[in-house]
Number of protein chains: 2
Amino acid sequence: MLKSHETIAKLCRPIYCINDIMLNKACRLLDIQKPANMKLYETVGQFDIDPGVIDRSAGRYSYDSFVDAVRLNIQGKVDAVATLPINKQSWSKAGIEYVGHTQVLREKFGDNSIMMMGCVDMFVALYTDHIPIKDVPKSIKKDLIKNFLCQLSQKVDGKYDSIAVLGLNPHSGDGGAIGSEDIVISHAIEETNRQLGREVFAGPVVPDVAFIYHSRQNYKLFVAMYHDQGLAPLKALCFDEVINISLGDKISRASVGHGTAYDIAYKNSDRLSNTSYINSIKYLVDS
Amino acid sequence: MLKSHETIAKLCRPIYCINDIMLNKACRLLDIQKPANMKLYETVGQFDIDPGVIDRSAGRYSYDSFVDAVRLNIQGKVDAVATLPINKQSWSKAGIEYVGHTQVLREKFGDNSIMMMGCVDMFVALYTDHIPIKDVPKSIKKDLIKNFLCQLSQKVDGKYDSIAVLGLNPHSGDGGAIGSEDIVISHAIEETNRQLGREVFAGPVVPDVAFIYHSRQNYKLFVAMYHDQGLAPLKALCFDEVINISLGDKISRASVGHGTAYDIAYKNSDRLSNTSYINSIKYLVDS
């Protein structure tokens, strides 16, 4: 954030939800000159920064900073929210029960958001996200999928000619030979297209070939039935560039696609990349 | 096969399990001069080639050809078997109940083979393969995983310093917050390493970041808990080059990584690529 301020300030007028005391602590620890002209919304609180250590005070502060930013967005004081990664275990230590930003938006702020990750070339929307694999097949219900696809189509209205919907099982079930869920997905796709009056959704696309080069020429948006089905190929292809988007009704939010990377936190490592951070801001500016 | 004979013949002494009648039919249909000096093992049977159409006679012939090749390998008349793709529905129409080559090797020939796919840069071994997603979590049992990992370690003995074992759930379960199976995998890995007397296996590696560039620098062999977890990222990265290997006890077999591609069958399409075919032969020659 500190190293990217100059670039960001050329794209938009950023307000940072952090107080001056914490900002100074971070600059000292990183041995960086505090950038001039950083406009702050001073989130209350402070703690000693212990790089790479899971800590309840850090968890609490990152949560409070996020909540402040969302409130500014709801109040119309900012156009969008960009978030940096949070540590789920730090949140948990601070007594915050949400598993991530998207869940806070859904449950605390009642914003009906779809989690989507991607880069310039391709995006993946998740039908289910942070649930165990054993619960995924139980979530494959025709009406739930139709509902999800209709919402998605509304939220990305007109941006995509054709959206690929992945199957659930190997080879999309090989015509019912490997599980029956893909038949349900197929009916959900047909009925959604009929309801929308055009062939917006295609599939069920066979999961293990959905992301090969030839398929990525045809589709730029993919619906994955579960977390790793979409995110593993996406991150294999373009990890450094990936951003995370909450497609909401009230709140416009994008985030870096990576985690806290505690192994290189505050170490000025060679592996540091701000590409995803800059991409997330660019996405919000363009939206 | 016809277009690659000259290249293949420089790598090994191929024997083709097809009879001269069928070979001539294919050459005529493709308008290709039959290569000189193709040594044949004349698999019995013939049928009219109807390109891109699922057909029981074609299914039967492709099965018989495969069985002939395996028998030649078991009898020591050839060192290895290379296979081209088969169509599962054609097999099914011909009354052949196996879902693929690997299952024939396991069930008909009693060869205890592990399915592995990959290219020069990376390989993925599948702990489960052609089963529905809903059955995958039930297959996560400590002793079964230990058994699989010990077998794999034997079969690739010494070729890899460290082998990555993927978790099952998003974020490998986030310490038990998203499903409990990853804890079972973790124990299986620990106990296998203890039994082998060295740290052969690492993990559970978080599935959605297992195949990012940085991780692929550390690992060249990955164990996926299920089909698409490993094959979707692999094929996204290097589809054209991917080969399929059956790591067996009695039979040495490699195959192209792609399917029958009926949409471009016998069309001399631009999308035709023999890279995977050549790679599979190279793999066998080097093994």
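What relative contact order, as a whole-number percentage, does segment A:197-287 give when Cα pairs under 8 Å and 6 or more residues apart are counted? Write down the numbers at each step before the final one.
Working: 63 pairs, mean separation 19.6, N = 91.
Relative contact order, segment A:197-287: 22 percent.
Cβ under 15 Å from A:Gln229's Cβ, A:Gln229 left aside: what net charge do those residues give with Lys, Arg +1 and Asp, Glu -1? Before the final figure, lay out each step's value.
Values: positive: A:Lys134, A:Lys235, B:Lys134, B:Lys235; negative: A:Asp129, A:Asp135, A:Glu181, A:Asp182, A:Asp208, A:Asp228, B:Asp208, B:Asp228.
That sum, taken over residues with Cβ under 15 Å, equals -4.
Name the most mobile residue of B:Asp111, B:Asp228, B:Asp270, meaning the one with the largest mean-square fluctuation, in a Gaussian network model of chain B with Cα contacts below 10 Å.
B:Asp270
Helix A:142-155: angle to the longest alpha-carbon principal axis of chain A, degrees 0 to 90, nearest 10?
Roughly 50 degrees between the two axes.
Given the DSSP H assignment, sum -39500 (n - 2.57) over each helix run of at least 4 residues in chain B and divide by its residue total; what's the result at 222 nm in deg cm²/dmol, nearest 500?
On the way: 11 runs with 114 residues, N = 287.
Calculated from helices alone, the mean residue ellipticity at 222 nm is -12000 deg cm²/dmol.
Sorted from shortest, what are the nm distances separating the label point of A:Ile264 from equivalent points in the other copies, each placed 7 Å from Cα along Cα to C-beta?
Nearest first, the other copies' label points are 3.7 nm away.
I'd like the carbon and sulfur percentage of the solvent accessible area for the protein assembly as shown, probe radius 1.4 Å, heavy atoms only, ligands and nucleic acids excluded.
Numbers: 12500 of 26720 Å².
Taking all protein chains in place, the protein assembly as shown shows 47 percent carbon and sulfur surface.
Please list the three semi-axes, largest first and in whole Å, of the ellipsoid equivalent to segment A:158-204, using sqrt of 5 times the eigenvalues of its alpha carbon gyration tensor. Present the calculation step by step, with values, prior to reporting the outcome.
Details: eigenvalues 99, 25, 6 Å².
For segment A:158-204, the semi-axes come out at 22, 11, 6 Å.
Of B:Lys250, B:Lys220, B:Lys134, which is the most mobile in a GNM of chain B whose springs link Cα atoms less than 10 angstrom apart?
For chain B, modelled as a Gaussian network with Cα springs under 10 Å, the answer is B:Lys134.
Classify segment A:70-138 as rounded, prolate or oblate from the Cα gyration tensor: take a ≥ b ≥ c as the square roots of its eigenvalues, call it rounded if a/c is under 1.5, otherwise prolate when a/b beats b/c and oblate if not.
Details: a/c = 1.74, a/b = 1.18, b/c = 1.48.
In terms of gyration-tensor shape, oblate.
Could you give me the radius of gyration and the Dmax of segment A:201-287, taking only the C-alpha atoms into account and expressing both in angstrom?
Over segment A:201-287's Cα set, Rg and Dmax evaluate to 15.1, 46 Å.
Roughly what angle does helix B:20-30 make with the longest principal axis of chain B, taking Cα atoms, 0 to 90 degrees, to the nearest 10?
Once rounded, one gets 90 degrees.
Just check the protein assembly as shown against the gyration tensor rule for me: Cα atoms, a ≥ b ≥ c as the square roots of the eigenvalues, rounded for a/c under 1.5, and otherwise prolate or oblate depending on whether a/b exceeds b/c. Could the numbers behind the result be given before it?
Working: a/c = 2.25, a/b = 1.81, b/c = 1.25.
The shape class here is prolate.
Does anyone have the angle between helix B:181-196 and the longest principal axis of chain B? Alpha-carbon axes, 0 to 90°, nearest 10?
With both axes taken from Cα atoms, the answer is about 80 degrees.
Going by a 1.4 Å probe on protein heavy atoms, which residues of segment A:142-181 end up with at least 10 Å² less accessible surface in the whole assembly than in their chain alone?
A:Leu168, A:Asn169, A:Pro170, A:His171, A:Asp174, A:Ile178, A:Gly179, A:Glu181
Quick one: compute the contact order of chain B, relative version, from alpha carbon pairs under 8 angstrom and 6+ residues apart, as a percent.
Working: 454 pairs, mean separation 64.6, N = 287.
23 percent.
Could you check the simple spin-label distance between B:Leu84 and A:Arg198, using points 7 Å along Cα→Cβ, in nm with one decimal?
Distance between label points: 4.2 nm.
Find out how many positive minus negative residues lie around A:Ile54, taking Lys and Arg as positive, Asp and Glu as negative, among other residues whose Cβ is under 15 Å from that of A:Ile54. Don't jump to the answer; show the numbers that get you there.
Details: positive: A:Arg56, A:Arg60, A:Lys88, A:Lys93; negative: A:Asp48, A:Asp50, A:Asp55, A:Asp263, B:Asp174.
Residues near A:Ile54 contribute -1 overall.
Work out the FRET efficiency for A:Ser180 and A:Asn274 from their Cβ-Cβ distance, taking R0 = 41 Å, and round it to the nearest 0.05. Intermediate values should be presented prior to the final figure.
On the way: r = 46 Å, r/R0 = 1.11.
For A:Ser180 and A:Asn274, the calculated efficiency is 0.35.
Give the A-B buried accessible area in Å², both sides summed, 1.4 Å probe, nearest 100.
Details: alone 14870 and 14850 Å², together 26720 Å².
The A and B chains share an interface burying roughly 3000 Å².
Under the 0.36 nm per residue contour assumption, what length would be gained going from the current alpha-carbon distance of B:Lys138 and B:Cys150 to full extension? Spell out each step's value before the answer.
Details: separation 12, 0.36 × 12 = 4.32 nm, distance 2.02 nm.
Length gained between B:Lys138 and B:Cys150: 2.3 nm.
Given that compact globular proteins tend to follow 2.2 N^0.38 Å, what is the ratio of the alpha-carbon Rg of segment A:120-241 to that value? Show your work: numbers first, answer last.
Working: Rg = 13.5 Å, N = 122, 2.2 N^0.38 = 13.7 Å.
That ratio works out to 0.99.
Could you work out the relative contact order of segment A:120-241? I mean the mean sequence separation of Cα pairs under 8 Å and 6+ apart, divided by the number of residues, in percent.
Details: 173 pairs, mean separation 48.8, N = 122.
In percent, rounded to a whole number, it is 40.
Tell me the per residue accessible area of segment B:120-241 using a 1.4 Å probe; a whole number in Å² is fine.
Numbers: 4840 Å² over 122 residues.
On a per-residue basis, 40 Å².
Mind checking the dipole of chain A: about its Cα centre, +1 per Lys or Arg Cβ, -1 per Asp or Glu Cβ, Debye to the nearest 20?
Numbers: 32 positive and 33 negative charges, 130 e Å.
It comes to approximately 620 debye.
According to the square roots a ≥ b ≥ c of the eigenvalues of the Cα gyration tensor, what is the shape class of segment B:24-90, taking rounded for a/c under 1.5, prolate for a/b larger than b/c otherwise, and oblate for the remainder?
On the way: a/c = 2.23, a/b = 1.24, b/c = 1.80.
Verdict is oblate for segment B:24-90.
Do any of B:Lys88/B:Lys138; B:Lys220/B:Lys250; A:Lys39/A:Lys282; A:Lys235/B:Lys93 go past 28 Å between their Cα atoms, and which? Write out the running numbers ahead of the final one.
Working: B:Lys88/B:Lys138 26 Å; B:Lys220/B:Lys250 25 Å; A:Lys39/A:Lys282 19 Å; A:Lys235/B:Lys93 39 Å.
In this structure, A:Lys235/B:Lys93 exceed 28 Å between Cα atoms.
Please report the net charge: other residues with Cβ closer than 13 Å to the Cβ of B:Ile8, K and R +1, D and E -1.
Working: positive: B:Lys3, B:Lys10, B:Arg13, B:Lys39, B:Lys282; negative: B:Glu6.
Residues near B:Ile8 contribute +4 overall.
The values are calculated or read from the model by the stated rules, or taken from the named source; none is laboratory data. In this text, all values refer to a predicted model and were calculated from it rather than measured experimentally. Every residue, glycine as well, gets a Cβ built from its backbone with ideal geometry; the counts of neighbours run over all protein chains shown. Please note that ligands, DNA and RNA were not included when accessible areas were found on the heavy atoms of the full protein model with its side chains. Shrake-Rupley method; radii C 1.70, N 1.55, O 1.52, S 1.80 Å.
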